[in-house]
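Novice: Here it is, the structure, as structure tokens.
Just so it is clear, none of the values below were taken in a lab; they were calculated from the coordinates. Since the structure is predicted, the reported quantities are computational estimates derived from the model, not experimental observations. Every residue, glycine as well, gets a Cβ built from its backbone with ideal geometry; the counts of neighbours run over all protein chains shown.
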There are 2 protein chains.
Amino acid sequence: MPVTIYDVAKAAGVGISTVSRVLNENSNVREETRHRVLEAIEALGYKPNILARNLSRSHVQTVGVVLSYLTSPFQVTVLQGIERFLAQAGLDLTIFSMESPKRQETLLENLSHGRRCDGLIVISFTPQERFLQRFQRYHIPVVIADFRDERIPSVFVDNVEGGYLATKHLLGLGHRKIGYILDHTEPPNGSGGNEPGADRQRGYQQALLEAGIPFDPRLVAESGLHSRQRGAAAAEVLLNRGELLTAIFAASDMIALGVMEYARKKGLRIPDDLAVVGFDDIELASFAGLTTVRQPMQEMGRQAAEIVTWLMQGEKVLRTSCQLPVELVVRDSCGALALLERR
Amino acid sequence: MPVTIYDVAKAAGVGISTVSRVLNENSNVREETRHRVLEAIEALGYKPNILARNLSRSHVQTVGVVLSYLTSPFQVTVLQGIERFLAQAGLDLTIFSMESPKRQETLLENLSHGRRCDGLIVISFTPQERFLQRFQRYHIPVVIADFRDERIPSVFVDNVEGGYLATKHLLGLGHRKIGYILDHTEPPNGSGGNEPGADRQRGYQQALLEAGIPFDPRLVAESGLHSRQRGAAAAEVLLNRGELLTAIFAASDMIALGVMEYARKKGLRIPDDLAVVGFDDIELASFAGLTTVRQPMQEMGRQAAEIVTWLMQGEKVLRTSCQLPVELVVRDSCGALALLERR
DNA sequence: ATCCTTTTTGAAAGCGCTTTCACAGAGCTG
DNA sequence: CAGCTCTGTGAAAGCGCTTTCAAAAAGGAT
């Protein structure tokens, strides 16, 4: 029923290899022949069968994105950047959501076997070595977004700088007791690489150091996840340790939002009683008036997608990793604006 | 280099058809033979080549989801529901984001030709008839989420009821001048089906009618998109038409958030000066304390995915469409809680 | 043991492309 | 005009599975 390359060949009075040649813009086809074939294609409304082509070329024209949570605004925004680029490049995008460290294993296990995609972008973590090796054996390039790993092409921001900027800002407003909430220091499945949360803490500590304030581990808490609930819980812990914090720097906007909610519940006014700064600059941040460190999330995705497509074409990519800039976005969760206006 | 079915067959001393049979759990293989084959598979670390299998079976084990914006929290949440179900069913999910009515055409054009997916879920709109026909010819089932279309299996909520509930709530709090902001009455490419925004308006008007309040078209505005910016702009229009609104019902939470922002900018207090109710109950709504009509977004996705997989297996689905319940979630953007507490 | 069913099994034919390889012609050279 | 190199083209061989079809093996009944 469906029209195949044979039908076209017959209609044009040529062999199938010739049809294939014009299909693939392969040179060495006489202009007149090419024309005849094109006409036959048009007349029959022929569309090459992708499955057959895939088998023959042994690729799938698809790149996979593996992320932990489709609930994470950060990851979804990176995904957006990836999607835009890929769509334009004519590649399909299939998503793999892990949701738990356990599912991550089985997912990568499956993924690294059959050729379900020609390239892979993983967001916010590093696959274990054995998976990386397997991908390499299959010639499936993988690039990481939002995570720095020397072994693999990765695109990321300078998280130390980000943490530094945030803390510096708070310091500049006169805060001295500044808490820090991160997601976690170690990844759930310990596979190496630089944890963004830990890097941001480095920046935080560095700023503190420069200001001559000794680092106090009691001012740091882990939320585990980037969620409002966990953020609120961590804030509760931190705020009830007996230290009198005047500000909290959170490793992500979601955590920061949780902090704000907890503060609101406790009757603490922001920024008067507690200053808060987040990280990421997700859409919600602007609604909430949250001062934050902006990462170019879409651009991160775009770059990752671009690199992976290069790699897929077998090109040696020299600039194997790529660092994007961060930027402090001042809104009103720290009173900075109010302060300025008062002058 | 990679091990094929032939290698396994040779190793097990059987024909490839037998290997294929054990692979596909096809009965009629003697227990002993099956065992031998399984052992060979194990020993060689054989994994069937998906591409070959796909060509042979002419399917791709993938369902496509086409949505308009990856930026829409609503759509992403539906996507989540889809993803969860599909992952569990062992199907891949590839996403197609349209971003504009024009891209929608070309996207569906491509999609409806080659077999890039075995089934399709489209969110929040109806493809034009010609595409539907093409999909039908290729036996690619399509189901719609968040949109009701008699021609195709669809899962949706009772939007009229939702609009009614929201308005009734406002009415119950004593509001008489209630504005309504919807996205649009007609879809950008006019392909039929029931626009949710229009349905919600019906519910709004019905509630008004029951309360004996004449419908005033000057209290209705269109935002065009479900975004905060557009919502704020629409609120501005509405609030400056000279009618003294005390409440606004928005066709989505994003729009409602925009309304809140505009109000905040204008120094209107919520809920004291202006009550706002939204629709969807996206995560942001709870942060913002927005009273809203909740749709089971994830569940919507799940159902759509379930239906499409049935259809893919060639099963005749009787319950071709499915309506999910809505529910009013009262928070504090209408003063309802405050009112209750005062009693 | 013989004949007739059932199971099991392997050879071979697809699935619809891409790609290799060899062969016509065409175009040059000497 | 023989000899050679190119260019354009088709036949055929994959790609690695699934699936048909017919034959072989295994049971059962007599």
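Novice: Under the rule of at least 5 residues apart or a separate chain, name every residue whose amide H is placed under 5 Å from the amide H of A:Tyr180.
Specialist: Result for A:Tyr180 returns A:Val220, A:Ala221, A:Phe249.
Novice: Take the Cα coordinates of the protein assembly as shown, assign each an equal point scatterer, and use the Debye formula without solvent to give log10 I(q)/I(0) at q = 0.05, 0.06 Å⁻¹.
Specialist: -0.29, -0.41
Novice: A follow-up question, please. Taking the Cα centre of chain A as the origin, how large is its charge dipole in debye, to the nearest 20, when only Lys and Arg (+1) and Asp and Glu (-1) carry charge on their Cβ atoms? The partial results should precede the final answer.
Specialist: On the way: 38 positive and 40 negative charges, 81 e Å.
It works out to roughly 380 debye.
Novice: Taking the dipole about the Cα centre of the protein assembly as shown, with the C-beta of Lys and Arg at +1 and of Asp and Glu at -1, give me whichever of A:Ser333, A:Leu225, B:Pro101 is farthest to the positive side.
Specialist: Of the listed residues, the answer is B:Pro101.
Novice: Next up: How far is A:Pro214 from the same spot in each other copy, in nm, shortest first, if each label point sits 7 Å from Cα toward Cβ?
Specialist: Label-point separations across copies, in nm and ascending: 7.7.
Novice: Let me ask something else. Could you tell me the ratio Rg/Rh of the range A:126-243? Both radii from Cα atoms, Rh via Kirkwood.
Specialist: Checking Rg against Rh, the ratio lands at 1.07.
Novice: Okay, moving on. Would you order A:Asp273, B:Asp253 from fewest to most other beta-carbon atoms within 10 Å of each residue's own beta-carbon? List each step's numbers first, then the result.
Specialist: Working: A:Asp273 12, B:Asp253 29.
Least to most surrounded, the residues fall as A:Asp273, B:Asp253.
Novice: Taking the number of other C-beta atoms within 10 Å as the exposure measure, put B:Lys177, B:Lys168 in order starting with the fewest.
Specialist: Values: B:Lys177 14, B:Lys168 18.
With the fewest neighbours first, B:Lys177, B:Lys168 line up as B:Lys177, B:Lys168.
Novice: Next question, about the same structure. Computed over the Cα atoms of the range A:138-192, what is the ratio Rg over Rh, Rh following Kirkwood?
Specialist: Result for the range A:138-192 is an Rg/Rh of 1.14.
Novice: A further question on this structure: Work out the FRET efficiency for B:Leu324 and B:His184 from their Cβ-Cβ distance, taking R0 = 35 Å, and round it to the nearest 0.05. Intermediate values should be presented prior to the final figure.
Specialist: Values: r = 23 Å, r/R0 = 0.65.
According to the calculation, E is roughly 0.95.
Novice: Could you give the C-alpha radius of gyration of the range B:182-295 expressed as a fraction of 2.2 N^0.38 Å, taking N as the number of residues it contains?
Specialist: Dividing the Cα Rg of the range B:182-295 by 2.2 N^0.38 Å gives 1.03.
Novice: For the pair A:Arg151 and A:Ala211, how long in nm is the line joining their label points, each one 7 Å along Cα→Cβ?
Specialist: Inter-label distance under the simple model: 3.8 nm.
Novice: Here's another thing I want to ask about it. Might you report the magnitude of the Cβ-based charge dipole of the range A:222-303 about its Cα centre, with Lys and Arg at +1 and Asp and Glu at -1, to the nearest 20 debye? List each step's numbers first, then the result.
Specialist: Values: 9 positive and 11 negative charges, 38 e Å.
For this selection, approximately 180 debye.
Novice: Could I ask something else about it? P(r) for the range B:1-152: what percent of alpha-carbon pairs falls in each 10 Å bin, starting at zero?
Specialist: P(r) over the range B:1-152, rounded to whole percents: 10, 31, 24, 17, 15, 4.
Novice: Could you give, in nm with one decimal, how far A:Asn28 is from each other copy of that position, shortest first, with labels 7 Å out from Cα toward Cβ?
Specialist: With the label placed 7 Å along Cα→Cβ, A:Asn28 yields 4.6 nm.
Novice: Round to the nearest 0.05 the FRET efficiency obtained for B:Val29 and A:Thr106 when R0 = 30 Å and r is the Cβ-Cβ distance.
Specialist: Numbers: r = 27 Å, r/R0 = 0.90.
E(calc), rounded to 0.05, equals 0.65.
Novice: Only Cα pairs under 8 Å and at least 6 apart count here; give the relative contact order of the range A:5-48 as a rounded whole percent. Write out the running numbers ahead of the final one.
Specialist: Details: 34 pairs, mean separation 19.0, N = 44.
In percent, rounded to a whole number, it is 43.
Novice: Turning to a different aspect of this structure: What three numbers, in Å, describe the spread of the alpha carbons of the range A:226-343 along their principal axes, ordered from the longest?
Specialist: 58, 35, 23
Novice: Packing-wise, with mean Cβ within 10 Å as the measure, how do A:157-166, A:203-212, A:262-271 rank, highest first?
Specialist: On the way: A:157-166: 24.2, A:203-212: 17.6, A:262-271: 16.1.
Output ranking for A:157-166, A:203-212, A:262-271: A:157-166, A:203-212, A:262-271.
Novice: When a footprinting reagent is the concern and you count Cβ atoms within 10 Å, what order do A:Thr33, B:Thr62 take, fewest first? Each step should come with its number before you reach the end.
Specialist: Details: A:Thr33 16, B:Thr62 21.
Going from sparsest to densest Cβ surroundings: A:Thr33, B:Thr62.
Novice: Pull up all non-local amide H partners of A:Ile121: gap of 5 or more, or a different chain, and H-to-H distance under 5 Å with H placed in the peptide plane.
Specialist: Under 5 Å from the amide H of A:Ile121 lie the amide H atoms of A:Gly64, A:Val65, A:Val66, A:Val143, each far enough along the sequence or on another chain.
Novice: Assigning unit charges at the beta carbon (Lys, Arg +1; Asp, Glu -1) and nothing else, what dipole magnitude in debye, to the nearest 20, does the range B:115-175 show about its Cα centre?
Specialist: Numbers: 8 positive and 7 negative charges, 75 e Å.
Here the size comes out at about 360 debye.
Novice: Further, regarding this structure: Just to be sure I understand: of the beta bridges DSSP finds with both ends in the protein assembly as shown, what percent are antiparallel, rounded to 5? It would help to have the intermediate numbers written out before the result.
Specialist: Numbers: 9 of 77 bridges.
Here the share of antiparallel DSSP bridges comes out near 10 percent.
Novice: Same structure again: In square nanometres and to one decimal, what's the mean projected area of the convex hull around the Cα atoms of chain B? Kindly include the intermediate steps, with their values, before the conclusion.
Specialist: Numbers: hull surface 89.8 nm².
Averaged projected hull area, Cα only: 22.5 nm².
Novice: Through the Karplus equation 6.51 cos²θ - 1.76 cosθ + 1.60, θ set to phi - 60°, convert the phi angles of the range B:35-41 into ³J(HN,Hα) values in whole Hz; use x for Gly and Pro.
Specialist: Taking θ as phi minus 60°, the curve returns 4, 4, 4, 4, 5, 4, 4 Hz for the range B:35-41.
Novice: Please compute, for peptide A:47-55, the average count of beta-carbon atoms on other protein chains lying within 10 Å of each residue's beta-carbon. List each step's numbers first, then the result.
Specialist: Values: counts 5, 2, 4, 7, 13, 4, 3, 7, 8.
Per-residue shielding by partner chains comes out at 6.
Novice: Considering amide H positions built from the backbone, and no H for Pro or chain starts, which residues 5 or more places from A:Leu324, or on another chain, come under 5 Å of its amide H?
Specialist: Hits under the 5 Å cutoff: A:Phe156, A:Val157, A:Asp158.
Novice: Once Rh is set to the Kirkwood radius over Cα pairs, what Stokes-Einstein translational diffusion coefficient, in µm²/s, holds for the range B:5-48 at a temperature of 10 °C and a viscosity of 1.306 mPa s?
Specialist: Details: Rh = 9.9 Å.
Taking Rh from Cα pairs, D becomes 161 µm²/s.
Novice: I want to check the label-to-label distance for B:Tyr138 and A:Lys177. Put each point 7 Å from Cα in the C-beta direction and report it in nm to one decimal.
Specialist: 6.4 nm
Novice: Between copies, how far does the label point of A:Glu129 sit from its twins, in nm, shortest first, when each point is 7 Å from Cα along Cα→Cβ?
Specialist: 6.3
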